[in-house]
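A short write-up of the structure that comes next.
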Amino acid sequence: MTEIRVRLTIDDPVPGVRYSLQKDDMPFEPVTAAEAPLSFDVPITLHDDGRITGPFVRREGKERRFVYLRIGTSAGDHASEWSRRAKIDVHDIPRDLLDRARAGAVLEVGLPGRGKDGSPACATVRPVRAWRPVG
């Protein structure tokens, strides 16, 4: 069992909107976005049998594992006009990258911050930049 770090980077968050990770169905360390990209480092546990777990990892079915980003009221900003969550898949990170993470690399993925209408991206969010090792 090894703890690794993944970095979720929202390339173009909506300025003034609060974002946070979800831990235990609650917002965790919320941050209000500015014009710059916004990153969250997430600890994930890789088990020897291939399972992915951790306090931020959620599961859906037998295979799917993901991390939630909370947005607006979901991130604790009760004055926000948005109440959303974005689902970021982690079960499909390539094995060779997971091996690099076991050796100490942080894995980063680039995410869109806005939907087609300009509001915060939500639901299952697909990367705009694939997983890659950094640092």
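Rule-based calculations on the coordinates, nothing more; no lab input. Keep in mind that this is a model prediction, so the values were computed, not measured. Please note: Cβ atoms are built from the backbone with ideal geometry, for glycine as well, and neighbour counts cover all protein chains shown.
Restricting the GluC sites (Glu not before Pro) of the range 1-82 to loop positions (DSSP other than H, G, I, E, B) with no more than 15 neighbouring Cβ atoms within 10 Å leaves 35, 63, 81.
Need one number: convex hull volume per residue for the range 2-134, Cα atoms only, in Å³. Spell out each step's value before the answer.
Values: hull volume 13.3 nm³, N = 133.
Convex hull volume per residue, Cα atoms: 100 Å³.
Counting only other residues whose beta carbon sits under 14 Å from that of residue 108, what net charge do I get with K and R as +1, D and E as -1? Result for the local shell: +3.
Measuring spread by the Cα atoms of the range 28-94 yields a radius of gyration and Dmax of 14.0, 44 Å. Restricting the trypsin sites (Lys or Arg not before Pro) of the range 27-93 to loop positions (DSSP other than H, G, I, E, B) with no more than 16 neighbouring Cβ atoms within 10 Å leaves 51, 62. With the cut-off at under 15 Å, measuring from each backbone N in the range 37-77 to a point 7 Å along the Cα-to-Cβ line of residue 106 picks out 37-44.
Note on the range 2-134: antiparallel DSSP beta bridges, both residues inside, total approximately 85 percent of the bridges counted. Among 78, 91, sorting on how many other beta-carbon atoms sit within 10 Å of each Cβ, with the fewest leading, yields 78, 91.
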